[in-house]
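Colleague: There's a structure below that I have some questions on.
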Amino acid sequence: MINTSMSGHSLFRRPLTIAVIFLLLITGVQCRRAPTSPTGLVTEKAMVVSAREEASEIGISILREGGNAFDAMVATELALAVAYPYAGNLGGGGFMVYRKSNGDVGALDYREKAPLSATADMYLDSLGNVIPGKSTKGATAVGVPGTIAGVFEVHEKMGSLPLEKILEPVIALAEKGVVVTDNQENRLERYREQIIEISGEETFFYTKCRVGDTLKYPSLANTLRRIMKNGRDEFYKGETAKRLAAFIQERGGYITEEDLAKYEAVWRQPIIFNYKDLRIISMSPPSSGGVTINQIFKMIEPYDIGDLGHNSGEAIQLLTEAFRRAYADRNYYLGDPDFVEIPLDFLLKEDYLRQRMDDFTFKKATRSEAVSHGTVEILESNETTHYSIVDEMGNAVSVTTTLNGAYGSKLYCDELGFFLNNEMDDFSSKPGVPNMFGLIGAEANSIEAEKRMLSSMTPTIVEKDGALWLVVGTPGGSTIITAVAQTIINTYEFNLSMQQAVEAPRFHHQWLPDYIIFEPDGFPESTKEFLRTKGYEINEERTPVIGKVDAIRILPDGRKEGGADPRGDDTAVGY
Ligand code: GLY
């Protein structure tokens, strides 16, 4: 069974659809404690929700053949590299949070890392100024990729099918090709000039792609075939490693064969916390996702947000004040835990978080300058991707993976068939100077050889009454964390179905700049006016799409409901 979401942002262009969603939301608010009927795809046994139907289908085909959620993770991750090169990748990295059917939980960090030659000032000129573009475009921006190490680690520790069986449909997809969607044509058109500027006129993406064209990736198929034959070392020590290091260095980049040979994915203890009767399991540093979402939920817990009304002025106020305070801590304290001391005990202590809200009042907005720590300015991006998987046994996998920017550094290795990340820009190149997403980092996230750059990715799993309940995550740069928080709150506090919770309009605040951004439709002027009277600033110029959430809810009878985000081509597939 398939549920393909509406393409593009058509959701926001169709008044009838908006009216229906409002009606559903109002109904959801009114019967908050009544059982929620599903509105997304419902299946009996298993489900995969990802950014492309082809990837979800391949993940499900692996589950149908008797594979588990971890086998499906390997297949879906690599299928996204074929079907969704905008963010799916071999040349990037990511994070996985899992919950096994026996309740064991864990997390895998296959984030990129800085090369051995990296230094704190590598993106600065002789005057100490940031060199524009050096950490964002081309070979100099590339961090050591982690994705192949990640999928092999997952397969070795938790997979059940032979790797050949898992890679076979992915290689077949690369050879058969992927049909260009409306969204994909728009994205490729938007970035075509930049890709050509960085990768040259000989690049595969030089040719304009139109809706309905089929893009075949024979070089990627060959790379995957070599990896299937020779294993993980093919990418990190073999022929592929040699070609990749030479390719990057010929273009002025830093990654060497030694950098590739030294790369390891790392198992981490996830961030785990309770919110009412939920147990929330999310990604730990070097992602800021789990820590920040933990802070947000603990700050709002004493207030019954469910009684305030979904997306009501008061609910937005409460969440905004929690977002403001959590983001104020975020960049000051967080970085790679293998390099910096992160005071997690302090940051996640209930007393501390309750105390952070001491000066919150529904009467008026707190000013961000009154909330201490760092000087962080963060902008959103959708240039990452998330997928959620639940298998027949009840194993759950939540994965967010990225090249950082759209098509990463825009450097496409035609010989190997994939884009390379520009993840080095997620470090703070210079304290006080924003990166491509407006992030101003602190010392904790400064560049060091072999260090991992701070992330916002928030792959999350939620238990209710001790059982698996939600698998959720999204792209969206710094808005990832607030979008995941809103999706959980929509489902738990406002009793929306999984699909409604994903579709519901979202907003975002991140301490600095001190304003709220709203999605284009779905927030009435009266709500905004209410917030203005309380002293909140609203950014009227920027009303971006916030996140593309892909999630699964386990219904009380054990069936699965998908939430596939209509803001993209995202699709739930299951059986
Ligand atoms: N590159 C985006 C992130 O890791 O949050």
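Colleague: Answer yes or no as to whether A315 is small (G, A, S), surrounded by 22 or more Cβ atoms within 10 Å (Cβ to Cβ) and closer than 22 Å to L496 by Cα.
Modeller: Working: small (G, A, S): yes; surrounded by 22 or more Cβ atoms within 10 Å (Cβ to Cβ): yes; closer than 22 Å to L496 by Cα: yes.
Yes.
Colleague: In this structure, is Y327 in a helix (DSSP H, G or I), within 27 Å of A114 (Cβ to Cβ) and within 16 Å of the ligand (Cβ to nearest atom)? Let's see the steps before the verdict.
Modeller: Numbers: in a helix (DSSP H, G or I): yes; within 27 Å of A114 (Cβ to Cβ): yes; within 16 Å of the ligand (Cβ to nearest atom): yes.
Taking the combined requirement at face value, the residue satisfies it.
Colleague: Can you work out which of the residues in the range 88-107 that are more than 15 Å from the ligand (Cβ to nearest atom) and hydrophobic (A, V, I, L, M, F, W, C) is surrounded by the fewest Cβ atoms within 10 Å (Cβ to Cβ)? Before you say what the answer is, go through the steps one by one.
Modeller: In the first step, residues of the range 88-107 are kept if they are more than 15 Å from the ligand (Cβ to nearest atom); the result is 90, 98-106.
Those still in the list that are hydrophobic (A, V, I, L, M, F, W, C) too: 90, 105.
Values: L90: 27, V105: 16.
Step by step, filter the range 88-107, then rank; the result is V105.
Colleague: For residues in the range 357-385 being within 16 Å of the ligand (Cβ to nearest atom) and not in a loop (DSSP other than H, G, I, E, B), which is modelled with the lowest pLDDT? Step through it out loud before you land on a result.
Modeller: From the range 357-385, those within 16 Å of the ligand (Cβ to nearest atom) are 376-385; that's our starting set.
Of the ones still in play, those that are also not in a loop (DSSP other than H, G, I, E, B) are 384-385.
Details: T384: 94, T385: 97.
Taking the candidates together, the pick is T384.
Colleague: Let me spell it out: the conditions are (1) on the phi < 0 side of the Ramachandran plot; (2) crowded, with 19+ Cβ neighbours inside 10 Å, and K165 meets all of them except one. Which number is the exception?
Modeller: Against the list (1) on the phi < 0 side of the Ramachandran plot; (2) crowded, with 19+ Cβ neighbours inside 10 Å, K165 comes up short only on (2).
Colleague: For the range 288-301, what are the residues that are touching a helix residue (DSSP H, G or I) at 6+ places or on another chain (Cβ under 7 Å) and not hydrophobic (A, V, I, L, M, F, W, C)?
Modeller: S288, G289, T292, Q295, K298
Colleague: Which residue out of I481, I517 is within 16 Å of the ligand (Cβ to nearest atom) and closer than 30 Å to Y123 by Cβ?
Modeller: Working: I517 fails: within 16 Å of the ligand (Cβ to nearest atom).
From the options I481, I517, the qualifying one is I481.
Colleague: May I ask you to list the residues in the range 484-514 that are touching a Ser or Thr at 6+ places or on another chain (Cβ under 7 Å) and away from the ligand (no atom under 16 Å from the Cβ)? First the steps, then the outcome.
Modeller: Step one: of the range 484-514, the residues touching a Ser or Thr at 6+ places or on another chain (Cβ under 7 Å) are 484, 495-502, 508-512, 514.
Scanning the range 484-514 gives N495, L496, S497, M498, Q499, Q500, A501, V502, H509, W511, L512, D514.
Colleague: Here is a list: R553, R559, R506. Which entry is of a type in the set (K, R), out of contact with any helix residue (DSSP H, G or I) (no Cβ under 9 Å at 6 or more places or on another chain) and at pLDDT 95 or above?
Modeller: Details: R553 fails: out of contact with any helix residue (DSSP H, G or I) (no Cβ under 9 Å at 6 or more places or on another chain); R506 fails: out of contact with any helix residue (DSSP H, G or I) (no Cβ under 9 Å at 6 or more places or on another chain).
Criteria check complete, one pass: R559.
Colleague: For a quick check of your reading of the model, give me the residue pairs whose first member lies in the range 161-180 and is farther than 28 Å from K208 by Cβ, whose second is not in a helix (DSSP H, G or I), with beta-carbon atoms closer than 6 Å and at least 6 apart or on different chains.
Modeller: Partner pairs satisfying both residue conditions: L161/G67.
Colleague: What are the residues in the range 494-518 that are buried (at least 21 other Cβ atoms within 10 Å of the Cβ) and charged (D, E, K, R), if any?
Modeller: E503, R506
One line per residue, one yes/no per condition, for (1) in contact (Cβ under 8 Å) with a residue 24 or more places away in the chain; (2) assigned to a loop (DSSP other than H, G, I, E, B); (3) away from the ligand (no atom under 16 Å from the Cβ):
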{"residue": "K229", "(1), (2), (3)": "no, no, yes"}
{"residue": "F235", "(1), (2), (3)": "yes, no, yes"}
{"residue": "I280", "(1), (2), (3)": "yes, no, yes"}
{"residue": "P285", "(1), (2), (3)": "yes, yes, no"}
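Colleague: If I filter the range 120-131 for residues that are within 21 Å of A396 (Cα to Cα), in contact with a strand residue (DSSP E or B) (Cβ under 6 Å, 6 or more places away or on another chain) and not basic (K, R), do I get at least one hit? Don't jump to the end; show me each part of the working.
Modeller: At the first step, the residues of the range 120-131 found to be within 21 Å of A396 (Cα to Cα) are none.
For the range 120-131, residues within 21 Å of A396 (Cα to Cα), in contact with a strand residue (DSSP E or B) (Cβ under 6 Å, 6 or more places away or on another chain) and not basic (K, R): absent.
Colleague: Residue pairs, Cβ under 8 Å, 6 or more apart or interchain, first in the range 114-136 and free of Cβ contacts under 8 Å to residues at least 40 places away in the same chain, second among the acidic types (D, E). List them.
Modeller: I131/D125
Colleague: I'd like to verify a number: residues in the range 539-565 that are touching an Asp or Glu at 6+ places or on another chain (Cβ under 7 Å), surrounded by 24 or more Cβ atoms within 10 Å (Cβ to Cβ) and either part of a loop (DSSP other than H, G, I, E, B) or free of Cβ contacts under 8 Å to residues at least 24 places away in the same chain (or both), how many?
Modeller: Counting residues in the range 539-565 that are touching an Asp or Glu at 6+ places or on another chain (Cβ under 7 Å), surrounded by 24 or more Cβ atoms within 10 Å (Cβ to Cβ) and either part of a loop (DSSP other than H, G, I, E, B) or free of Cβ contacts under 8 Å to residues at least 24 places away in the same chain (or both) gives 4.
Colleague: Within the range 397-419, work out how many residues are farther than 29 Å from G290 by Cα and hydroxyl-bearing (S, T, Y).
Modeller: Result for the range 397-419: 1.
Colleague: Considering the range 487-515 alone, what residues qualify as being within 19 Å of the chain's Cα centre (by Cα) and assigned to a loop (DSSP other than H, G, I, E, B)?
Modeller: A504, P505, R506, H509, Q510
Colleague: Determine whether M436 is within 15 Å of the ligand (Cβ to nearest atom), hydrophobic (A, V, I, L, M, F, W, C), at pLDDT 95 or above and part of a loop (DSSP other than H, G, I, E, B). Can you show your working first?
Modeller: Working: within 15 Å of the ligand (Cβ to nearest atom): yes; hydrophobic (A, V, I, L, M, F, W, C): yes; at pLDDT 95 or above: no; part of a loop (DSSP other than H, G, I, E, B): yes.
When the stated conditions are applied, M436 does not pass them.
Colleague: For the range 237-278, enumerate the residues that are among the aromatic types (F, W, Y), closer than 27 Å to T203 by Cα and part of a loop (DSSP other than H, G, I, E, B). Walk me through it before giving the result.
Modeller: Pass one, the range 237-278, residues among the aromatic types (F, W, Y): 247, 254, 263, 267, 273, 275.
Remaining after also requiring closer than 27 Å to T203 by Cα: 247, 254.
Of everything in the range 237-278, just one residue is among the aromatic types (F, W, Y), closer than 27 Å to T203 by Cα and part of a loop (DSSP other than H, G, I, E, B), namely Y254.
Colleague: Looking at the range 445-462 only, could you name the residues that are more than 10 Å from the ligand (Cβ to nearest atom), out of contact with any strand residue (DSSP E or B) (no Cβ under 6 Å at 6 or more places or on another chain) and within 30 Å of I389 (Cα to Cα)?
Modeller: Across the range 445-462, the qualifying residue is only K451.
Colleague: May I ask you to list the residues in the range 386-427 that are within 16 Å of the ligand (Cβ to nearest atom) and either at pLDDT below 85 or surrounded by fewer than 24 Cβ atoms within 10 Å (Cβ to Cβ) (or both)?
Modeller: Residue satisfying the conditions is A406 alone.
The values are calculated or read from the model by the stated rules, or taken from the named source; none is laboratory data. What you are looking at is a predicted structure, and each value in this text was computed from that prediction instead of being measured. Virtual Cβ from ideal backbone geometry, glycine too; neighbours counted across all protein chains shown.
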